[in-house]
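What follows is a short report on a single structure.
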Amino acid sequence: MKIALFLNRDIYCSVVLNHLVAGLAEHQTSVFYSDKVGRAPAVEALDVLRLLEQDLPNEHVFPFIESAGELLTPELIERQHRIPCESMNAPNEPVALDRLRALECDLVVSIRYGCIFKADFLSIPRLGVLNLHSGILPDYRGVMASFHALAAGAREIGCTLHYIDDPTIDAGPIVDAWRRPVDPAQSYFGHVLSLYQPGARLVAESIARLTKEEELTSTPQARDSGAYFSFPDADVVARFEQNGYSLFHASEYRDLLRRYHGA
């Protein structure tokens with residue numbers, strides 16, 4: 001099967017790609033990266049997150065790792081698994097659509113990708129477009145869903161695999177989901193990171209079924225259910241902190257980075 005992964009260029013997508021790569025060995029896979037997701041407001045907490053999620057790993061860690069650790073950097077995955085990777089920040093433009101058609105793509109899988117897919121794009125892959133959303137649908141659509149859940153005092157977070165069948169964000173039929181209890185001792189970063197190994201398993205299981213030409217059972221979302229969330233403003237950040245949460249714990253971040261370094 002010919003699969004196109006549309007990912008954001010951040011540390012979470014690096015982790016999820018590590019968990020997916022073994023199962024992609026029998027497929028012809030291409031990776032397309034967005035360089036950011038939307039325009040975050042001028043809130044210091046969001047600047048810190050961008051530093052941790054993108055700037056630090058992409059500019060100051062990954063380029064200097066040459067040997068494989070438990071986790072592979074995106075560059076090492078591309079080299080060792082021979083998966084072509086490139087940036088694509090305008091997927092609905094004619095040149096991008098022609099690129100996808102030339103791949104004769106069967107399936108698109110989107111994870112944290114920074115752009116909305118429009119109708120012409122969605123019509124290309126014969127098996128459709130799947131999206132792994134880092135939030136519980138339909139309750140938390142949109143950006144930083146788990147942050148909003150923690151700020152609202154939710155008792156659990158999760159990830160949802162769903163189809164994208166129109167340009168409406170996070171509203172397509174749900175294929176599968178995974179949930180976990182909130183841990184007050186864990187940071188936002190740690191909570192989100194915990195979603196991507198089980199999330200990768202949802203994706204891999206769906207790819208396996210589609211490879212056998214099995215139809216994925218899905219449940220439509222009620223369009224008037226749930227809510228859409230954008231980047232948190234200062235008030236939402238304050239509620240998050242009042243609930244006792246931190247953006248990250250240094251120990252969590254160090255432990256993750258150590259997994260990329262070879263012995």
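The values are calculated or read from the model by the stated rules, or taken from the named source; none is laboratory data. Not measured: the values here are computed from a predicted model. Reconstructed Cβ throughout: ideal geometry from the backbone, glycine too, with neighbour counts over all protein chains shown.
Values for this structure:
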quantity	calculated
Within the range 4-49, considering residues that are at pLDDT below 95 and of a type in the set (Lys, Arg), the one nearest to Leu130 (Cα to Cα)	Lys36
Complete set of residues in the range 2-22 that are over 27 Å from His60 (Cα atoms) and crowded, with 17+ Cβ neighbours inside 10 Å	Ile3, Ala4
Matching entry among Glu205, Glu213 (being at positive phi and out of contact with any Cys (no Cβ under 7 Å at 6 or more places or on another chain))	Glu213
Which listed residue, of Pro41, Pro57, is of a type outside the set (Asp, Glu) and within 17 Å of Ser87 (Cβ to Cβ)	Pro57
One residue from Gly172, Gly153, Gly135, Gly142 being out of contact with any Asp or Glu (no Cβ under 6 Å at 6 or more places or on another chain), within 21 Å of Ala200 (Cβ to Cβ) and either buried (at least 20 other Cβ atoms within 10 Å of the Cβ) or not hydrophobic (A, V, I, L, M, F, W, C) (or both)	Gly135
Considering residues of the range 131-171 that are of a type in the set (Ser, Thr, Tyr) and farther than 24 Å from Gln186 by Cα only, the residue modelled with the highest pLDDT	Tyr163
Residues of the range 23-39 satisfying the condition of being buried (at least 17 other Cβ atoms within 10 Å of the Cβ) and either without any contact (Cβ under 8 Å) to a residue 40 or more places away in the chain or of a type in the set (A, V, I, L, M, F, W, C) (or both)	Leu24, Val31, Phe32, Val37
Options Phe147, Phe117, Phe121: the member that is free of Cβ contacts under 8 Å to residues at least 40 places away in the same chain and of a type in the set (Phe, Trp, Tyr)	Phe121
Test for Gly158: is it assigned to a loop (DSSP other than H, G, I, E, B), buried (at least 19 other Cβ atoms within 10 Å of the Cβ) and free of Cβ contacts under 8 Å to residues at least 60 places away in the same chain	no
Members of the range 179-206 that are of a type in the set (A, V, I, L, M, F, W, C), under 13 Å from Ala149 (Cβ atoms) and surrounded by fewer than 18 Cβ atoms within 10 Å (Cβ to Cβ)	Val182
Residue among Val236, Val203 that is β-branched (Val, Ile, Thr), part of a helix (DSSP H, G or I), touching a residue at least 12 places away in the same chain (Cβ under 8 Å) and more than 30 Å from Leu127 (Cβ to Cβ)	Val236
Selected residue [farther than 23 Å from Cys13 by Cα and in contact with a Leu (Cβ under 8 Å, 6 or more places away or on another chain)] from Phe248, Phe240, Phe189, Phe231	Phe240
Residue match in the range 46-59 (condition: touching a helix residue (DSSP H, G or I) at 6+ places or on another chain (Cβ under 8 Å), assigned to a loop (DSSP other than H, G, I, E, B) and of a type outside the set (A, V, I, L, M, F, W, C))	no
